[in-house]
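The values are calculated or read from the model by the stated rules, or taken from the named source; none is laboratory data. No experiment lies behind these values; they were computed from the predicted model shown. All Cβ positions, glycine included, derive from the backbone under ideal geometry; neighbour counts span all protein chains shown. These accessible areas exclude ligands, DNA and RNA; they are computed on the full protein's heavy atoms, side chains included. Shrake-Rupley method; radii C 1.70, N 1.55, O 1.52, S 1.80 Å.
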Amino acid sequence: MSKIRPPRMRMARKIKKGDIIKIKVKFNHPSFTRAKPVTFIRNMFVYYDDELVTRFRMSSGIADDPLFTFKLKADKEAPVKVVFVDNHGEKWETSKKIKFKG
């Protein structure tokens, strides 16, 4: 299996306190469901200022290189961290800090 690069996160640049923002996370992770060992993304955890705000649980039916989009209310300047865990327990993460402008 080739080396898997860390996921990438995108969000708006101009964020005001109280905005509902859209966050996109792209993860170039192949799903190997016909090979041995079977490998796929099992969980995605989203933290806002070190508080778990949501968790996504996936099955082996997840596509290769998925793009996840979710919304979050920006009520404080703090980091948003997304952690992926595959079915073997291997972890990858990305984070960006929400900063208010305007």
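The charge dipole of the chain, taken about the Cα centre with unit charges on the Cβ atoms of Lys, Arg (+1) and Asp, Glu (-1), comes to about 500 debye, rounded to the nearest 20. Heavy atoms of the protein chains alone define the surface here; on that basis the chain has 66 Å² accessible area per residue at 1.4 Å probe size.
Okay, which of segment 86-102 sit inside 12 Å, backbone N to the point 7 Å along the Cα-Cβ direction of Ile15? Residues 95-101 qualify, since their backbone N sits under 12 Å from the label point. Using Stokes-Einstein with the Kirkwood hydrodynamic radius over Cα pairs, what translational diffusion coefficient do you get for the chain at 20 °C and a viscosity of 1.002 mPa s, in µm²/s rounded to a whole number? Rounded, D is 148 µm²/s. In order along segment 74-90, the Karplus-derived 3J(HN,Hα) couplings, from 6.51 cos²θ - 1.76 cosθ + 1.60 at θ = phi - 60°, round to 8, 9, 7, 7, 6, x, 10, 10, 10, 10, 9, 10, 8, 6, 9, x, 6 Hz, and Gly and Pro are given as x. Each Cα pair under 8 Å and six or more residues apart adds its sequence gap; the mean of these over the residue count of the chain is a relative contact order of 33 percent. Across segment 65-72, coupling constants 3J(HN,Hα) worked out from phi with the 6.51/-1.76/1.60 Karplus curve, θ = phi - 60°, read 6, x, 10, 9, 10, 8, 10, 8 Hz, and Gly and Pro carry x. Cα centroids of segment 3-50 and segment 66-83: 10 Å apart.
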